[in-house]
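Structure record follows, encoded as structure tokens.
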Amino acid sequence: MAKENPAPRIKKFTEGLLYEKRILDALGIRPGRTVLDAGAGTGYMAEAFSARVGENGTVYALDIDSSFVRDLKNRVSAENLQVIEADITRPTPIPASSIDLIYISMVLFTFSRSRLEGFNNEVKRLLKSDGVLAVVEIEKKPTAFGPPLSARYSPVELQEVIPLSPVATVQAGEHFYMQLFRHG
């Protein structure tokens with residue numbers, strides 16, 4: 001009897017549009033690290049992070065959408081990947097000062113001012129003293145897709161709303177950039 005094919009995984013908006021290898025290389029994720037993919041969606045980047053941190057590392061894939069969380073929990077079996085349904089703009093169940101890298105892609109532009117404040121507070125609570133925040137956003141220029149220009153951040157505007165030290169800006173896709181910030 002033929003085995004039934006599982007339902008295809010829904011692709012996240014940015015999947016296939018981002019330069020995944022360039023992002024991973026820029027992040028410099030090493031074995032044993034602890035990474036948080038905030039707004040993980042389908043978890044495609046969390047899975048890539050999981051491979052990089054190895055069996056001695058930990059990856060948290062956090063999302064507010066219960067359907068993404070349920071799908072990811074059902075699909076992934078990596079021992080070092082923990083899937084959590086939570087809102088990164090509020091306190092999460094992740095221990096304080098435990099994260100080496102927080103990665104958030106195409107989420108920040110959706111935050112209101114109060115949610116952005118909550119996000120900044122949770123990031124500062126979670127990151128280790130030398131931890132890194134990586135924010136992927138769409139460039140603030142006309143494109144055939146994405147949020148309105150008024151909702152987008154330029155790298156300079158992003159640096160104005162994130163109270164961490166900016167360290168680098170990386171081209172993350174044809175229409176995307178990744179801004180890296182260091183805590184402490």
Residue (of Ala168, Val123, Tyr103) at the positive-pole extreme of segment 95-184, dipole from beta-carbon charges: Val123
Area accessible to solvent at Ser50, 1.4 Å probe radius, in Å²: 10 Å²
Reference-scaled alpha-carbon Rg (2.2 N^0.38 Å with N residues) for the chain: 1.01
Lysine pairs with alpha-carbon atoms under 21 Å apart, the chain, spacing 8 or more or separate chains: 5
Distance between segment 62-108 and segment 111-184 - C-alpha centres, whole angstrom: 18 Å
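Quick check: convex hull of the Cα atoms in segment 51-99, volume per residue, rounded to a whole Å³? Let's see the in-between values first.
Details: hull volume 4.0 nm³, N = 49.
Here the figure is 82 Å³ per residue.
Find the all-direction average of the projected area of the Cα convex hull for segment 73-136, expressing the result in square nanometres with one decimal place. Spell out each step's value before the answer.
Numbers: hull surface 20.0 nm².
With every direction weighted equally, the projected area is 5.0 nm².
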Hydrodynamic radius (Kirkwood) for segment 13-93, which is based on Cα pairs only, to one decimal in Å: 12.8 Å
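Note down the magnitude of the dipole of segment 138-184 about its Cα centre, charges +1 on Lys and Arg C-beta and -1 on Asp and Glu C-beta and zero elsewhere, to the nearest 20 debye.
On the way: 4 positive and 4 negative charges, 5 e Å.
Using Cβ point charges on Lys, Arg, Asp and Glu, segment 138-184 gives about 20 debye.
Just how large is the dipole of the chain about the Cα centre, in debye to the nearest 20, putting +1 at every Lys and Arg Cβ and -1 at every Asp and Glu Cβ?
Working: 22 positive and 22 negative charges, 10 e Å.
Here the chain has a charge dipole of around 40 debye.
If you keep only loop residues by DSSP, which chymotrypsin sites (Phe, Trp or Tyr not before Pro) in segment 88-162 have at most 12 other Cβ atoms within 10 Å of their Cβ?
On the way: sites: Tyr103, Phe109, Phe111, Phe119, Phe145, Tyr153; in loops: Phe111, Phe145, Tyr153.
Qualifying residues, ordered by number: Phe145.
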Sequence of Val167, Val161 when ordered by accessible area, the most exposed leading, probe 1.4 angstrom: Val167, Val161
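Report the longest stretch of the chain that contains none of the trypsin sites (Lys or Arg not before Pro) sitting in a DSSP loop with at most 14 other Cβ atoms within 10 Å.
12-184
222 nm [θ] for the chain, helices only, -39500 (n - 2.57) per DSSP H run of 4+, per residue, to 500? Kindly include the intermediate steps, with their values, before the conclusion.
Values: 5 runs with 49 residues, N = 184.
One gets -8000 deg cm²/dmol as the mean residue ellipticity at 222 nm.
Gain in length, Asp65 to Arg115, computed as 0.36 nm per residue apart minus the alpha-carbon separation, to one decimal in nm? Display every interim value, and only then the final one.
Details: separation 50, 0.36 × 50 = 18.00 nm, distance 1.62 nm.
Length gained, Asp65 through Arg115: 16.4 nm.
The values are calculated or read from the model by the stated rules, or taken from the named source; none is laboratory data. Small disclaimer: the values here were computed from a predicted structure and weren't measured. Here Cβ is always computed from backbone atoms with ideal geometry, including for glycine, and neighbour counts include all displayed protein chains. When the accessible area is computed, the model is the full protein with side chains, heavy atoms only, and any ligands, DNA or RNA have been set aside. Shrake-Rupley method; radii C 1.70, N 1.55, O 1.52, S 1.80 Å.
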